[in-house]
1. If I build a Gaussian network model for the chain, linking alpha-carbon pairs within less than 10 angstrom, which residue out of G191, G23, G155 has the largest mean-square fluctuation?
2. With a cut-off of 8 Å between alpha carbons and a minimum separation of six or more residues, what is the relative contact order of region 23-197 in percent?
3. Along the charge dipole of region 23-197, pointing to its positive end and built from +1/-1 on Cβ of Lys, Arg, Asp and Glu, which listed residue (S73, V99, H88) has its Cα farthest out?
4. Identify which of G75, G190, G147 has the largest mean-square fluctuation in a Gaussian network model of the chain, with springs joining Cα atoms closer than 10 Å.
5. If the convex hull of the alpha-carbon atoms of region 23-197 is projected onto planes in all directions, what is the mean projected area in square nanometres?
6. Per residue of the chain, what 222 nm ellipticity follows from adding -39500 (n - 2.57) for every DSSP H run with n ≥ 4, rounded to the nearest 500?
7. What's the angle, to the nearest 10 degrees (0 to 90), between helix 23-38's Cα axis and the longest principal axis of the chain?
8. Write out the trypsin sites (Lys or Arg not before Pro) in region 1-48 meeting two conditions: DSSP loop, and at most 13 other Cβ atoms within 10 Å of their Cβ.
Amino acid sequence: MPPSERPIPQFIAEPPQEALPYGRWAEALAERLRAAFREIQSDEDLGEVGEVRWFPDRSWEGRTYFPASATTSTGFEVFGYVSFTREHEGAEATAFYAVADYTDETAEANPDWSLDLSDEELGPWRGPQGRRGVVTLVWGVALVPHGAIATTELGPTTTDQCELVEDRFTLVSLDNYTGDYIEVRLWGEGGAQLAAESLYED
């Protein structure tokens, strides 16, 4: 094959390796997410975090990320992730780190949405000729039926994909590179595109 005219990273994160958290493991992760939420400085009455909904895990550069979302007692949505490392497969999780933020834009208040997306930057990426981008964690919920796989598209390039688990998915992709920005697409089992949304649409 000839050299690539677009040498950017594709499928750089490991596919999901673990089941969605449950039981004591889920509660241990949720407490770290709640602790990060309590550190948010806001004039709003954010309330208390309710039941945490987990998304498929993805691992990149030695860290595993479990994104999450939850509704607060005052109607806001919390979104973020808990990440950790393992010395080897099957080892105890260590070096936990949690990120949390909130929004008043919820899927319940926007019935026209087909995808409910959240994202957080993980780190920079440098390409040829000084070009720069950002590796970004994206997670979401399919709000239309019959979805099977979600993908990230960066311009003409598919950069990641994830099978849906309980209508949820997690993706890791280069973003904001040479004028291209992530678009998330939802596909059905037969390969038909069911939905598409940019991270940057109002």
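Values quoted throughout were computed directly from the atomic coordinates according to the rules given, and no laboratory measurement underlies them. No experiment lies behind these values; they were computed from the predicted model shown. Counting neighbours? That spans all protein chains shown, and the Cβs are built from the backbone with ideal geometry, glycine included.
1. G23
2. Numbers: 370 pairs, mean separation 27.7, N = 175.
Computed over region 23-197, the figure is 16 percent.
3. H88
4. Largest GNM mean-square fluctuation: G190.
5. On the way: hull surface 48.2 nm².
For region 23-197, averaging the hull's shadow over all directions gives 12.1 nm².
6. Working: 1 runs with 16 residues, N = 202.
Result for the chain: -2500 deg cm²/dmol, rounded to the nearest 500.
7. Taking Cα atoms only, the helix is inclined about 90 degrees.
8. On the way: sites: R24, R32, R34, R38; in loops: none.
Taking region 1-48 and a limit of 13 other Cβ atoms within 10 Å, no loop trypsin sites (Lys or Arg not before Pro) are found.
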